[in-house]
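Worksheet for the structure shown next.
A short reminder: the numbers here are calculations on the coordinates, not readings from a lab. What you see is a predicted model, and the numbers here were worked out from it, not measured in a lab. Every residue, glycine among them, receives a Cβ derived from its backbone with ideal geometry; neighbour counts consider all protein chains shown.
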Amino acid sequence: MDEEVTQTLRNYVGGSFVEHGGTEWMDVFEPATGVRFARLPLSGSHDVDAAVEAARAAQPGWGSLSMGDRAGWLDKIADSLESSFDEIAELESRDTGKPISLARAVDANRSVANFRFFAGLIREQEQETFEMDDATNYVVNRPVGVGALITPWNLPLYLLSWKVAPAIGMGNTVVCKPSELTPMTADLLMRVIDGVGLPAGVVNLVHGDGSGAGSPLVAHPGIDLVSFTGGTATGEKVAASAAPAFKKLSLELGGKNSSIVFADCDMEKTVAGVVRSGFLNQGQVCLCGSRVLVEESVYSEFEGAFVEAVEQMRIGDPADDSTDLGALISKEHLQKVQSYIDLAIEEGGTILTGGTPCLPSGFEGGNWMAPTVIAGLAPESRCSTEEIFGPVVTLHSFKSEEEAVEIANGTRYGLAGSVWTTDMGKGKRVSEAMETGMVWVNTWLHRDLRVPFGGVKDSGVGREGGRWSLGFFSEAMNVCLKHD
Ligand code: NDP
């Protein structure tokens, strides 16, 4: 093992950190430097079997606890995670290449908040009843059983905690499979869970890649539900594997989201908001607004101000508090992003800024791409309709509200969008005409954890968030009591 490999991760099964059954390992690299700093087990079917068995054994006992008791456990996890706040932010920044300020404000903050929020929501749950003339119906929300929770690399602990908290809160036990690229904070969560003494087997974790660990986990007959967040192509495989066994399925998939800028917007705030929406986390957020549609009469003004603001972003050391943009997740992903920029040129686009890898001094081994703005592409071109998932934004102009909506809806995706206007009537009208799961007006990624989250078309199936998560992670059973 290289000197720089400081940590060897283990699976967490049945309340213990355990060796995997095989002999293969995978290196974990720092995206900013390319240095490998940890290794994880490449688990296989036997490891998945052991984790599912542990989860199945723990489920009856855990599922029979009261909601209040389970909410208490979520609070304990939240408290312990909060005491590791700085460690979460540092690990997430190092593992993903994102700026430390973002890892603190978004990743660490939300991971703690997810556990605390679902603890509160579960406590507040009231039993639904439906009275008839001669009978009373009441609804019991029972656990589904054992859940497979599969998460991507862009918001590792944020998304894992978003699934684990409501899943175990509703009485399920789980097996987690984090992205092989970003396993560090999933390991931290297991240490936290171990430290608070959560009953063994309630939360289990298997490290590894999609084919070796993710695929057998989804297909496992002992899995009753699958909550998957990741790319649309992987989502198709997950759906095909889960559907024949009628497993409960939630798919949060890719997006290609439009930001629609009207001439009557507050230009200064809009430029700042659209830059944030295009480039947060180097554009590696499923909700990022990577296609910006601007009303023709203000197009030139917007383009100038937008490019200027993009060029002012500070790209560099993720550990530096003043950094706005960090590195991309991997060399392969950098190549994918670069190939889309090359394609944009072939498709007739003009690079207004960026377009090439940039290597901040001292970080020459990392995966760096300058924030890139492209104009002149047809709205139906591949670059402006396919998910690039990097710091690349395309600009387009439109003449009418109808045309803006038509362009916005002209992709296979339907995850999110934003509308920028001072006319709230127009903001609502345009939002409601967009084929997406969520739209923000004059803001972006302004999250209330109670609201439904999810996409339409190829962006997914089902909703999570607030009571939608509690509904997904439980089975509603009706009991009808006939009156005498
Ligand atoms: P992937 O689809 O490549 O991977 C997601 C997870 O699935 C990883 O843990 C991966 O493991 C695992 N996996 C891969 N193949 C299989 C399989 N056959 N069966 C089961 N699991 C498998 O996505 P990325 O990690 O590249 O994440 C980026 C994508 O996630 C983007 O498309 C983005 O839009 C989407 N996303 C969607 C969100 C939403 O809420 N809609 C939020 C965040 C991201 P491994 O990586 O180890 O191979």
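In the set (1) surrounded by fewer than 24 Cβ atoms within 10 Å (Cβ to Cβ); (2) under 16 Å from the mean Cα position of the chain (by Cα), Thr96 fails one condition alone, (1). Of the residues making up region 237-269, those that are within 12 Å of the ligand (Cβ to nearest atom) and among the acidic types (Asp, Glu) number 1.
Exactly one condition in (1) touching a Leu at 6+ places or on another chain (Cβ under 9 Å); (2) within 16 Å of the ligand (Cβ to nearest atom) is false for Glu435; which is it? It fails just one condition, (1). Among the criteria (1) closer than 24 Å to Val144 by Cα; (2) of a type in the set (Lys, Arg); (3) part of a strand (DSSP E or B), the one Arg39 does not fulfil is (1). Taking the numbered list (1) near the ligand (Cβ under 10 Å from one of its atoms); (2) surrounded by fewer than 24 Cβ atoms within 10 Å (Cβ to Cβ) in turn, Ala272 passes all entries but (1).
Residues of region 276-291 include none that is more than 25 Å from the chain's Cα centre (by Cα) and either charged (D, E, K, R) or closer than 25 Å to Asp458 by Cβ (or both). Taken as a whole, the condition of being surrounded by fewer than 21 Cβ atoms within 10 Å (Cβ to Cβ), part of a helix (DSSP H, G or I) and either in contact (Cβ under 8 Å) with a residue 60 or more places away in the chain or of a type in the set (A, V, I, L, M, F, W, C) (or both) applies to Arg467.
Remark: pairs (first residue in region 203-232, closer than 18 Å to Ala57 by Cβ; second residue near the ligand (Cβ under 9 Å from one of its atoms) and not aromatic (Phe, Trp, Tyr); Cβ separation under 6 Å; 6+ apart in sequence or on different chains) = Val206/Lys177; Val206/Ala213; Leu217/Ala148; Leu217/Lys177; Ile223/Ala148. In the set (1) within 13 Å of the ligand (Cβ to nearest atom); (2) surrounded by 24 or more Cβ atoms within 10 Å (Cβ to Cβ); (3) among the β-branched types (Val, Ile, Thr); (4) not in a loop (DSSP other than H, G, I, E, B), the condition left unmet by Thr234 is number (2). Please determine whether any residue of region 290-301 is within 16 Å of the ligand (Cβ to nearest atom) and either surrounded by fewer than 22 Cβ atoms within 10 Å (Cβ to Cβ) or closer than 25 Å to Val106 by Cα (or both). Scanning region 290-301, I find at least one residue that is within 16 Å of the ligand (Cβ to nearest atom) and either surrounded by fewer than 22 Cβ atoms within 10 Å (Cβ to Cβ) or closer than 25 Å to Val106 by Cα (or both), so the answer is yes. Of the residues Glu332, Glu303, the single one that is part of a helix (DSSP H, G or I) and without any contact (Cβ under 8 Å) to a residue 12 or more places away in the chain is Glu332. Here is the figure for region 355-376: residues that are surrounded by 22 or more Cβ atoms within 10 Å (Cβ to Cβ) and either within 13 Å of Glu311 (Cα to Cα) or of a type outside the set (S, T, N, Q) (or both) total 8.
The residues of region 193-211 that are surrounded by fewer than 23 Cβ atoms within 10 Å (Cβ to Cβ) and assigned to a helix (DSSP H, G or I), listed by number, are Asp194, Gly195, Val196, Gly210, Ser211.
Every listed requirement among (1) outside any strand (DSSP E or B); (2) within 14 Å of the ligand (Cβ to nearest atom) is met by Cys176 save one, (1).
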